[in-house]
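Contents: one structure, followed by commentary.
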Amino acid sequence: MSSLPAGVQRWTTKHVMGMCGVGKFKVRWGSADSAGCPCCGEFEDHLHVPRCMAPLTSAEWDRRTATLDQWLDAQVTDPAIKHAILHLFQGVCDLLLPCSRLVPVRLRRAFLSQQHIGYQGLLEGRLSVQLAALQEQYLQSRWSQRSPTLWVSRLSHQLILLGFYMWEHRNLVQHSEDNGQLRERSRLVNDGIHSQFDMGPTDLPKVVQRMLAVKHGTVLNKPLVDREEWLKLVRMERKAYRRALAPQRRILHRFFHPAQAPSPVSRNQRPEITPPRRG
């Protein structure tokens, strides 16, 4: 663990505890309104990140596991152990898939032991000692001088890094226009921009009117943050301009629509006053 980069160590500590910048905690901390995953929109906690079924995330997962496959070969891993580890990885996304009957009999106890540790434990680099013992037997059978202890340590790091890379992928989507939440924000902002152009420059100061003297596409092609700032400014200026003109409009309304004086009450319409009765 200490040989991993400092940033990866911090990330590992947060994710092992489950308290990190996922949707669940962003809502709890008040920094987001939705706990949805930026990739697929489903509820997001730390367990969801490597299990997200969004097409881009699934493709990234396949790419990372293929890289691990190559790494296992380069480290002279027992082919049966490699098959078992990759088979366990299928359980990260689908708990019903991994079955011990699909691995050699000599590996089944180790396979079940790793399953008992858990698929999330696998992504946290926690490996069964039985896997290490089997790898040691394999290396001895090949008269290899490689260290099984070093193999376990390096594999643990690779597993942690795989989870970290999936987190980095998630963050790239979070801050790109492929984010489902950002797509919704973009749609709402674009609707607001269209509305401002439809209202025209009438209720805007002359300085701000120039912002509507361009084509819709010029504004709509700006980055999302710039579009949001444009819309916020135009809305604010339109509201302020209308508020400033309100007293003048009330004066003009009273001038052109004067209040009519009440008509005098005729003698016949005057109420009769009944004198008090004497006892």
| task | Please verify whether the range 63-73 includes one or more residues that are in contact with an Asp or Glu (Cβ under 8 Å, 6 or more places away or on another chain), at negative phi and free of Cβ contacts under 8 Å to residues at least 24 places away in the same chain. | result | no
| message | Being hydrophobic (A, V, I, L, M, F, W, C) and either at pLDDT 90 or above or over 21 Å from the mean Cα position of the chain (by Cα) (or both) is true for just one of A84, A32. Which residue is that? | response | A84
| Where in the range 173-223 are the helices (runs of 4 or more DSSP H), entirely inside, with at least 1 residues that are of a type in the set (D, E, K, R), outside the structural domain of C37 (by TED's automatic domain parsing) and surrounded by 12 or more Cβ atoms within 10 Å (Cβ to Cβ)? | 180-199
| Residue list for the range 1-26, filter: on the phi < 0 side of the Ramachandran plot and of a type in the set (G, A, S) | S2, S3, A6, G7, G21, G23
| Out of (1) assigned to a helix (DSSP H, G or I); (2) outside the structural domain of P55 (by TED's automatic domain parsing); (3) over 34 Å from the mean Cα position of the chain (by Cα), the odd one out for Q135 is which? | (2)
| request: Confirm whether D73 is out of contact with any Gly (no Cβ under 6 Å at 6 or more places or on another chain) and over 30 Å from R142 (Cα atoms). | output: no
| task | Mind listing just one residue for me: the one in the range 118-137 that is small (G, A, S) and crowded, with 20+ Cβ neighbours inside 10 Å and, of those, farthest from S153 (Cα to Cα)? | result | S128
| query | Do you know which residues across the range 1-54 are out of contact with any Asp or Glu (no Cβ under 8 Å at 6 or more places or on another chain), small (G, A, S) and in a loop (DSSP other than H, G, I, E, B)? | reply | S2, S3, G21, G30, S31, A32, S34, G41, A54
| task | Would you mind telling me which numbered condition in (1) surrounded by 15 or more Cβ atoms within 10 Å (Cβ to Cβ); (2) of a type outside the set (A, V, I, L, M); (3) out of contact with any helix residue (DSSP H, G or I) (no Cβ under 6 Å at 6 or more places or on another chain) C99 fails? | result | (1)
| Of all the residues that make up the range 138-167, how many are exposed (fewer than 12 other Cβ atoms within 10 Å of the Cβ) and assigned to a helix (DSSP H, G or I)? | 4
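State all residues of the range 26-45 that are in contact (Cβ under 8 Å) with a residue 12 or more places away in the chain and either outside the structural domain of Y119 (by TED's automatic domain parsing) or more than 18 Å from Y165 (Cα to Cα) (or both); if no residue qualifies, say none. Steps first, answer last, please.
Of the range 26-45, the ones in contact (Cβ under 8 Å) with a residue 12 or more places away in the chain are 34-41, 43-45.
Scanning the range 26-45 gives S34, A35, G36, G41, F43.
Could you please let me know if S2 is of a type in the set (G, A, S), surrounded by fewer than 18 Cβ atoms within 10 Å (Cβ to Cβ) and touching a residue at least 12 places away in the same chain (Cβ under 8 Å)? First the steps, then the outcome.
Details: of a type in the set (G, A, S): yes; surrounded by fewer than 18 Cβ atoms within 10 Å (Cβ to Cβ): yes; touching a residue at least 12 places away in the same chain (Cβ under 8 Å): no.
Criteria not met by S2.
State all residues of the range 87-111 that are within 28 Å of the chain's Cα centre (by Cα) and in contact (Cβ under 8 Å) with a residue 24 or more places away in the chain; if no residue qualifies, say none.
Listed by number, the residues that qualify are L88, F89, G91, V92, C93, L95.
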| request: Return yes when R235 is loosely packed, with under 15 Cβ neighbours inside 10 Å, in a helix (DSSP H, G or I) and out of contact with any helix residue (DSSP H, G or I) (no Cβ under 9 Å at 6 or more places or on another chain) and no when it is not. | output: no
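The values are calculated or read from the model by the stated rules, or taken from the named source; none is laboratory data. Just so it is clear, the structure is predicted and the values come from calculations on it, not from any experiment. Counting neighbours? That spans all protein chains shown, and the Cβs are built from the backbone with ideal geometry, glycine included.
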